[in-house]
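Undergrad: Okay, handing you the structure first.
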Amino acid sequence: MSKDKLIPEIRFPEFKNEGEWDIEKLGVISEIVRGGSPRPIEDYFTTDINGLNWLKIADVHSDAKYITQTKEKVKKEALSSTREVNSGDLILSNSMSFGRPYILKITTCIHDGWIAIRKISNKTFEGYLYYFISSESSQSYFQTNAAGAAVKNLNAEIIKLLPIYLPKNIKEQQKIASCLSSLDEVIAAHSQKLALLKDHKKGLMQNLFPQRSLNCDSYDLYDENDSKNQSNHKNQKNPGSDNVPKYRFKEFEKDGDWVEKSLEEISIKVQDGTHFSPKSFETGDYLYITSKNVKNGYIELSTAQYISTEEHESIYKRSDVRQGDVLLTKDGTIGQACVNELQIPFSLLSSVAFIRVKPEFSNYFLYHLLVSQIGQKEIESQIAGQALKRITLTKINNFSFDFPSLQEQQKIASCLSYLDALITAQAEKIEQLKLHKKGLMQGLFPKIKD
């Protein structure tokens, strides 16, 4: 340990003159104990309301902070072979995705996959301890010291030796915890909004596409308080036909049934990429797109590779992809789709097909149709192979869907694309908040050079 002062880069004004922080081992300021499990555990499960809570790692969401309930209970006889922990204790898993702390808000029994941090000293605030154990320096300590080759795990002795940096004034600990907790609440609120947007889009797609091939419940289209959407998208129910959607935009209510057509009928060209492997990815000017790069709604370029101009022009000319073509993965992760918005030519592997639609059909409508529940069911029904699953071009050409007029296709595609933009913007906002939190934590806790 160096002689650097134990002072964070960021400090709240009221604590500027509080001096250096203390350093303690986690095992000194708390008791570290491992959980236990009676065997066989199935003999101890109970539905009795008076049974003891039983917490499994699978019960806890990775993004959670507090544990407020369990899915199962065990008989009181299990107490002799397990560990009961209480509200206010911290627990963390000791294997697999280890080291992530949680704060208990209930009393529960824990099995031997959990480590409990309890009897926390009165000079340490539990909320502060939670964030310090969650910090980059603590998690790095766990990664460095975890035992095992294939599967790393922590034991109580390793956890006991974790260095904890503590402000002498517990009010400063509380202030830090409060600051980070407020940011967590903002992130949680935005995450909930993202989930609602995704659910809304899912319901919207079920209502705006005919459901002739699905036996599923439709979602309500809009929030009853969203007067703007209600007025702009007031739709008419069509319960009597399988070839019209449940809801239609007002201007298309009298347009009649949608028409069933195959992809071969609506396309100018349906083609996959090259079946040859490139000689080298070391140097090149042309993107080489595979099924790994095609995600729902976009092409992932951060992992894309490049090939030489010579190879592209000789054996890769087969993949004559153009801007506006719909891409669909046919090997690997099957059924991912997007519209090619890249303004540059690229080579395409045979694991991806492109669909060039006729002028009287909307490429964006086809994209939304392919990633909808109807589209995914059609794709799944055509997958061939046992170990190596794939879809052939013949099967893709035979995909059959219902289509309205071009104008109605464009209206539906525009509505869904607008929602996609909202979802993307919301996801990016959450990532920015998480990055801000990460930087804030690095500043609020001291950095010590070993």
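Undergrad: Name the pairs: first residue in the range 99-111 and closer than 13 Å to residue 132 by Cβ, second residue of a type in the set (A, V, I, L, M, F, W, C) and not in a strand (DSSP E or B), Cβ to Cβ under 7 Å, at least 6 apart or on different chains?
TA: Taking only residues 6 or more apart or on different chains, the pairs are 99/142; 99/154; 101/133.
Undergrad: Quick one: how many residues across the range 294-314 are open to solvent by less than 20 Å² (accessible area, probe 1.4 Å) and modelled with pLDDT of 95 or more?
TA: Going through the range 294-314 one residue at a time, the tally reaches 1.
Yes or no, residue by residue, for (1) open to solvent by less than 80 Å² (accessible area, probe 1.4 Å); (2) under 25 Å from residue 46 (Cα atoms); (3) of a type outside the set (S, T, N, Q):
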| residue | (1), (2), (3) |
| --- | --- |
| 61 | no, yes, yes |
| 67 | yes, yes, yes |
| 70 | yes, yes, no |
| 76 | no, yes, yes |
| 85 | yes, yes, yes |
| 88 | yes, no, yes |
| 95 | yes, no, no |
| 98 | yes, no, yes |
| 105 | no, yes, yes |
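Undergrad: Okay, next question. Which is open to solvent by 10 Å² or more (accessible area, probe 1.4 Å), within 13 Å of residue 263 (Cβ to Cβ), at pLDDT below 95 and not β-branched (Val, Ile, Thr), of 343, 382?
TA: That would be 382, the only listed residue that is open to solvent by 10 Å² or more (accessible area, probe 1.4 Å), within 13 Å of residue 263 (Cβ to Cβ), at pLDDT below 95 and not β-branched (Val, Ile, Thr).
Undergrad: A further question follows. Kindly evaluate residue 408 against the criterion of being touching a residue at least 24 places away in the same chain (Cβ under 8 Å), acidic (Asp, Glu) and either exposed (fewer than 14 other Cβ atoms within 10 Å of the Cβ) or in a helix (DSSP H, G or I) (or both).
TA: In short, yes.
Undergrad: Does residue 46 satisfy being over 29 Å from residue 441 (Cβ atoms) and crowded, with 20+ Cβ neighbours inside 10 Å? Working first, answer last.
TA: Working: over 29 Å from residue 441 (Cβ atoms): yes; crowded, with 20+ Cβ neighbours inside 10 Å: no.
No; evaluated as a whole, the condition is false for this residue.
Undergrad: Sticking with this structure for a sec: Any residue in the range 428-440 that is out of contact with any Ser or Thr (no Cβ under 9 Å at 6 or more places or on another chain), over 30 Å from residue 132 (Cβ atoms), assigned to a helix (DSSP H, G or I) and not acidic (Asp, Glu)?
TA: The answer is no, given that none of the residues of the range 428-440 is out of contact with any Ser or Thr (no Cβ under 9 Å at 6 or more places or on another chain), over 30 Å from residue 132 (Cβ atoms), assigned to a helix (DSSP H, G or I) and not acidic (Asp, Glu).
Undergrad: Check off (1) over 26 Å from residue 383 (Cα atoms); (2) open to solvent by 10 Å² or more (accessible area, probe 1.4 Å); (3) β-branched (Val, Ile, Thr) for residue 334 and give me the number that stays unchecked.
TA: Going through the list (1) over 26 Å from residue 383 (Cα atoms); (2) open to solvent by 10 Å² or more (accessible area, probe 1.4 Å); (3) β-branched (Val, Ile, Thr), residue 334 breaks only (1).
Undergrad: For the range 263-289, which positions are of a type in the set (S, T, N, Q) and open to solvent by less than 20 Å² (accessible area, probe 1.4 Å)?
TA: Residues of the range 263-289 of a type in the set (S, T, N, Q): 267, 271, 274, 277, 280, 283.
Within the range 263-289, 267, 274 meet the criteria.
Undergrad: Additional query: Mind listing whichever residues of the range 241-283 are within 28 Å of residue 394 (Cβ to Cβ) and either among the hydrophobic types (A, V, I, L, M, F, W, C) or touching a Gly at 6+ places or on another chain (Cβ under 7 Å) (or both)?
TA: 258, 259, 263, 266, 268, 270, 276
Undergrad: Any residue in the range 181-200 that is over 18 Å from the mean Cα position of the chain (by Cα), more than 22 Å from residue 432 (Cβ to Cβ) and polar (S, T, N, Q)?
TA: No, there is no match, as no residue in the range 181-200 is over 18 Å from the mean Cα position of the chain (by Cα), more than 22 Å from residue 432 (Cβ to Cβ) and polar (S, T, N, Q).
Undergrad: For the structure I just gave you, tell me whether residue 156 is open to solvent by 30 Å² or more (accessible area, probe 1.4 Å) and either at pLDDT 95 or above or of a type outside the set (Val, Ile, Thr) (or both).
TA: no
The values are calculated or read from the model by the stated rules, or taken from the named source; none is laboratory data. These figures come from a predicted structure and were not determined experimentally. Positions of Cβ are generated from backbone atoms using ideal geometry, with glycine treated the same way; all protein chains shown enter the neighbour counts. We work out accessible area using only protein heavy atoms, side chains counted, and drop any ligands, DNA or RNA first. Shrake-Rupley method; radii C 1.70, N 1.55, O 1.52, S 1.80 Å.
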